[in-house]
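**Student:** Mind having a look at this structure? Questions to follow.
The values are calculated or read from the model by the stated rules, or taken from the named source; none is laboratory data. Please read these numbers as outputs of a predicted model, since none were measured by experiment. Quick reminder, even Gly has a Cβ in these numbers, built from the backbone with ideal geometry, and neighbours come from all protein chains shown.
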Amino acid sequence: MKEIEKAIRGEVLTKEEIVTLLSITDKNEMEELFAAARQVREKTFGKKIFMYGFVYFSTWCRNNCNFCYYRKSNNIERYRKDPKEVVELAVRLAESGVHLLDLTMGEDPTYHKENFASVLKIAEDIKKETGLPVMLSPGVISDELIDSFAELGVEWFALYQETHNREIFKNLRINQDYDERMHAKLYAKEKGILIEEGLLAGIGENYEDIAESILEMKKIGASQVRVMSFIPQKGSPMESVHTPGRELELKIIALLRLVHPKALIPASLDVDGIEGLQCRIDSGSNVVTSIIPPLTGLAGVAQNSMDVDEGGRTVQEVSAILREMGMEPATALDYRTYIDQLFAENGK
Ligand code: SF4
């Protein structure tokens, strides 16, 4: 297809071209799309795949996003891990061989009340104890707090819009401000932190909306871009909305790769567990996210328990699958070298 050839040449696809490729249903054309994504990935990353450890340390949240299991109104069991335990878990993950620690929390009112003192301490201790880069997903926070995390040397700030269609955003993220969320991300980038942006597939968007998201992520300079399929959550207002067929997510991964050749693109174990790893890597992802140590009582986000306690979401398991696929688990040094390059490109 001429759009695919254009992307392989390194030219940025237009919105119309992205929509054309998202519309593919023919199996051969789809395979052509995925093969192109792999080719583009290989040019920058060779066969290397990065792995992120996931520590979801507070499931309390002040918000009521319609798609989320952990929304405030959902009557569920919640936890807020003790800071010491969070650091211990992170050390365990680091020892298991992950390349980054993804520190995630809901917008926990307790952290907001204490101006994130314990989260700052957690991030500081984890950086000191593990020496690994850290990604922070705290939700929307003030510029002053972003300054504090930048001073600590936090490498990544993850905050997902989930859609760049303001109408859909309003229905998903109830009583939240699109611009405020976007501002936090852009401010973090201005302060020299790498940013991750994300979209959710299957929430009532059309191909034009998806294409706009892919291009918007480029415009804001996100260094990591992710898509996840919507998973209906028990007790949420979207409980009866069906999860989309996975072809959509895989096509979006491939298009993210074609439009963002050098980006880190997650294959999240959070959607379909370890079973879903290979197809996402085959579509152009180069980071395995949501690696969780077993038997720790920690949850995932979209699938709060899938494969966690069975030990399926570990570096060992992931590395074995990657090797079988002819891919190579990267090293922590590979990862550090790559993000240093990203910092240099961002002028920091
Ligand atoms: S998506 Fe995040 S901000 Fe929204 S309710 Fe869930 S945990 Fe809270």
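**Student:** Can you find, within the range 191-210, the residue that is farthest from L172 (Cα to Cα) among those that are acidic (D, E) and outside any helix (DSSP H, G or I)?
**Tutor:** Step one: filter the range 191-210 for residues acidic (D, E), giving 196-197, 205, 208-209.
Right, trim to outside any helix (DSSP H, G or I) and you get 196-197, 205.
Values: E196: 19, E197: 16, E205: 11 Å.
Step by step, filter the range 191-210, then rank; the result is E196.
**Student:** Applying the selection to the range 49-103, what residues are over 25 Å from L277 (Cα atoms) and of a type in the set (A, V, I, L, M, F, W, C)?
**Tutor:** Across the range 49-103, the qualifying residues are W60, C61, C65, I76, V86, V87.
**Student:** Which residue is nearest to the chain's Cα centre (by Cα), if the candidates are limited to the range 76-124 and must be of a type in the set (G, A, S) and closer than 12 Å to L136 by Cα? Give the derivation first.
**Tutor:** So in the range 76-124, the residues of a type in the set (G, A, S) come out as 90, 94, 96-97, 106, 117-118, 123.
Subset that is closer than 12 Å to L136 by Cα: 106, 123.
On the way: G106: 15, A123: 18 Å.
Only one residue fits best here, namely G106.
**Student:** For residues that are more than 14 Å from the ligand (Cβ to nearest atom) and in a loop (DSSP other than H, G, I, E, B), scanning just the range 76-115, find the one that is farthest from M135 (Cα to Cα).
**Tutor:** E77
**Student:** Would you call A302 aliphatic (A, V, I, L, M), within 23 Å of F157 (Cα to Cα) and modelled with pLDDT of 95 or more? Spell out how you get there, then give the answer.
**Tutor:** Numbers: aliphatic (A, V, I, L, M): yes; within 23 Å of F157 (Cα to Cα): yes; modelled with pLDDT of 95 or more: no.
So A302 does not fit the description; no.
**Student:** Among residues belonging to the range 42-75 that are assigned to a strand (DSSP E or B) and within 16 Å of the ligand (Cβ to nearest atom), point out the one that is farthest from M135 (Cα to Cα). Spell out how you get there, then give the answer.
**Tutor:** Filtering the range 42-75 for residues assigned to a strand (DSSP E or B) gives 48-58.
Next, only the ones that are within 16 Å of the ligand (Cβ to nearest atom) stay: 54-58.
Numbers: F54: 9, V55: 10, Y56: 12, F57: 13, S58: 15 Å.
Filtering first and then ranking leaves S58.
**Student:** So, S23, is that one of a type in the set (S, T, Y), surrounded by fewer than 19 Cβ atoms within 10 Å (Cβ to Cβ), more than 23 Å from the chain's Cα centre (by Cα) and within 16 Å of the ligand (Cβ to nearest atom) or not?
**Tutor:** Values: of a type in the set (S, T, Y): yes; surrounded by fewer than 19 Cβ atoms within 10 Å (Cβ to Cβ): yes; more than 23 Å from the chain's Cα centre (by Cα): yes; within 16 Å of the ligand (Cβ to nearest atom): no.
Answer is no for this residue.
Residue-wise test of (1) surrounded by 23 or more Cβ atoms within 10 Å (Cβ to Cβ); (2) touching a residue at least 40 places away in the same chain (Cβ under 8 Å); (3) over 17 Å from the mean Cα position of the chain (by Cα).
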{"residue": "V154", "(1), (2), (3)": "yes, no, no"}
{"residue": "I168", "(1), (2), (3)": "no, yes, yes"}
{"residue": "A184", "(1), (2), (3)": "no, yes, no"}
{"residue": "E190", "(1), (2), (3)": "no, no, yes"}
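**Student:** If I go through the range 192-206 residue by residue, how many of them are over 23 Å from S148 (Cα atoms), surrounded by fewer than 18 Cβ atoms within 10 Å (Cβ to Cβ) and in contact (Cβ under 8 Å) with a residue 12 or more places away in the chain?
**Tutor:** To start, the set of residues in the range 192-206 that are over 23 Å from S148 (Cα atoms) comprises 198-206.
Remaining after also requiring surrounded by fewer than 18 Cβ atoms within 10 Å (Cβ to Cβ): 204, 206.
Narrowing the set further to residues that are in contact (Cβ under 8 Å) with a residue 12 or more places away in the chain leaves 204.
Residues in the range 192-206 being over 23 Å from S148 (Cα atoms), surrounded by fewer than 18 Cβ atoms within 10 Å (Cβ to Cβ) and in contact (Cβ under 8 Å) with a residue 12 or more places away in the chain: 1 in total.
**Student:** Scan the range 1-14 for residues that are of a type in the set (A, V, I, L, M), assigned to a helix (DSSP H, G or I) and crowded, with 20+ Cβ neighbours inside 10 Å and jot them down. If you could, list the steps in order and put the result at the bottom.
**Tutor:** Going through the range 1-14, the residues of a type in the set (A, V, I, L, M) turn out to be 1, 4, 7-8, 12-13.
When the remaining residues are screened for being assigned to a helix (DSSP H, G or I), the result is 4, 7-8.
Residues satisfying the conditions are I4, A7.
**Student:** Could I ask something else about it? Please go through the range 90-101 and give me each residue that is surrounded by fewer than 24 Cβ atoms within 10 Å (Cβ to Cβ) and on the phi < 0 side of the Ramachandran plot, ordered by number. Spell out the reasoning first.
**Tutor:** First, pick out the residues of the range 90-101 that are surrounded by fewer than 24 Cβ atoms within 10 Å (Cβ to Cβ): 91-92, 94-97.
Result: V91, R92, A94, E95, S96.
**Student:** Residue under question is E17, and the condition is that it be modelled with pLDDT of 95 or more, surrounded by 17 or more Cβ atoms within 10 Å (Cβ to Cβ), away from the ligand (no atom under 16 Å from the Cβ) and assigned to a helix (DSSP H, G or I); does it hold?
**Tutor:** Working: modelled with pLDDT of 95 or more: yes; surrounded by 17 or more Cβ atoms within 10 Å (Cβ to Cβ): yes; away from the ligand (no atom under 16 Å from the Cβ): yes; assigned to a helix (DSSP H, G or I): yes.
Judged against the criteria, E17 is a match.
**Student:** Going through the range 26-35 one residue at a time, which ones are in a helix (DSSP H, G or I), surrounded by fewer than 23 Cβ atoms within 10 Å (Cβ to Cβ) and over 21 Å from the mean Cα position of the chain (by Cα)? It would help to see each step written out before you state the result.
**Tutor:** First, the residues of the range 26-35 that are in a helix (DSSP H, G or I): 27-35.
The next check asks that each one be surrounded by fewer than 23 Cβ atoms within 10 Å (Cβ to Cβ); those that pass are 27-32, 34-35.
Within the range 26-35, K27, N28, E29, M30, E31, E32, A35 qualify.
**Student:** Sort through P138, P109 and tell me the only one that's surrounded by 23 or more Cβ atoms within 10 Å (Cβ to Cβ), touching a Phe, Trp or Tyr at 6+ places or on another chain (Cβ under 8 Å) and closer than 24 Å to N171 by Cβ.
**Tutor:** Numbers: P109 fails: surrounded by 23 or more Cβ atoms within 10 Å (Cβ to Cβ).
Matching residue, one of P138, P109: P138.
**Student:** While we're here: Which members of the range 131-187 meet the condition of being within 12 Å of the ligand (Cβ to nearest atom), of a type in the set (S, T, N, Q) and within 23 Å of I265 (Cα to Cα)?
**Tutor:** Result: S137, Q161.
**Student:** Does S213 meet the test of being part of a helix (DSSP H, G or I), buried (at least 21 other Cβ atoms within 10 Å of the Cβ) and either of a type in the set (S, T, N, Q) or in contact with a His (Cβ under 6 Å, 6 or more places away or on another chain) (or both)?
**Tutor:** Yes; evaluated as a whole, the condition is true for this residue.
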